[in-house]
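Notes for the one structure printed next.
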Amino acid sequence: MMELFNQAASRAHRFARKEDGSSTLDFVFVFPVAFMMFIMAYEVGMLSTRHVMLERGLDQTVREVRIGRILTPTHDILKDKICEYAGIIPDCTNNLRLEMLNNDLRAWTPMSDSVQCVHRAPPPPPVVTFNHGLNNELMVLRACALFDPMVPLGVIGTSIPKESGGAYGLVATSSYVMEPFQ
């Protein structure tokens, strides 16, 4: 009986001294952290790219209004143009919401920081202020586009403020003066 115990003890001692599989342990501990960093970097890159493209689409559209290519800017025309220029915004026409306000340069009143985004809930959202303005008026155009996070339970997905349906909203703002082209 004692010999059986000694054999088991010597086998356990030999097993404890082996270094086989030590690289597997390193992989098990390091890979999830490295993979999470890669996913976070990819998500931040996509977020930044989509925001830049939203800003570009809005700026290009406002430029067309300023130079007179779009004489009567309506909500649908501006939305279609922004989606055309932005390019990589998924389901742009359904996830983009515009708000156009006029402001007086001589009696400037600060606008609210809250921008309304698209609501993905079934009831229709209320109509957003959209007035294309008169000659020589300063117009401020704000766009909010919704995006779903790639990894909603990841570090970035949980830290970004959510809008409607667990999506995050990117906001772009531009302004122009309605020129008298007539």
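The values are calculated or read from the model by the stated rules, or taken from the named source; none is laboratory data. Note that the structure is predicted; figures quoted are calculated from it, not measured. So basically every Cβ, Gly included, is an ideal-geometry build from the backbone, and we count neighbours across all protein chains shown. Only protein heavy atoms, including side chains, enter the accessible area calculation; ligands, DNA and RNA are left aside. Shrake-Rupley method; radii C 1.70, N 1.55, O 1.52, S 1.80 Å.
When residues in the range 48-60 are screened for being surrounded by 15 or more Cβ atoms within 10 Å (Cβ to Cβ) and within 10 Å of the chain's Cα centre (by Cα), 3 of them pass. Residues in the range 12-55 that are part of a helix (DSSP H, G or I) and acidic (Asp, Glu): ASP26, GLU43, GLU55.
Each residue in the range 66-76 was checked for being under 17 Å from ALA172 (Cα atoms) and open to solvent by 90 Å² or more (accessible area, probe 1.4 Å), and 0 of them qualify. Residues of the range 140-155 that are at pLDDT below 80, under 11 Å from the mean Cα position of the chain (by Cα) and among the hydrophobic types (A, V, I, L, M, F, W, C): MET150 alone.
Tell me, which residue of the range 1-57 that is of a type in the set (Lys, Arg) and without any contact (Cβ under 8 Å) to a residue 40 or more places away in the chain is farthest from TYR85 (Cα to Cα)? Looking at the filtered set, the residue picked out is ARG11. Summed over the range 28-66, the residues that are under 15 Å from VAL140 (Cα atoms) and of a type in the set (Lys, Arg) give a count of 2.
Whether a residue is in a helix (DSSP H, G or I), of a type in the set (Lys, Arg) and open to solvent by 100 Å² or more (accessible area, probe 1.4 Å) was assessed, and ARG63 passes this test.
The residue that is most open to solvent (accessible area, probe 1.4 Å), among those in the range 77-111 that are touching a Lys or Arg at 6+ places or on another chain (Cβ under 7 Å), aliphatic (A, V, I, L, M) and over 15 Å from VAL140 (Cα atoms), is ILE88.
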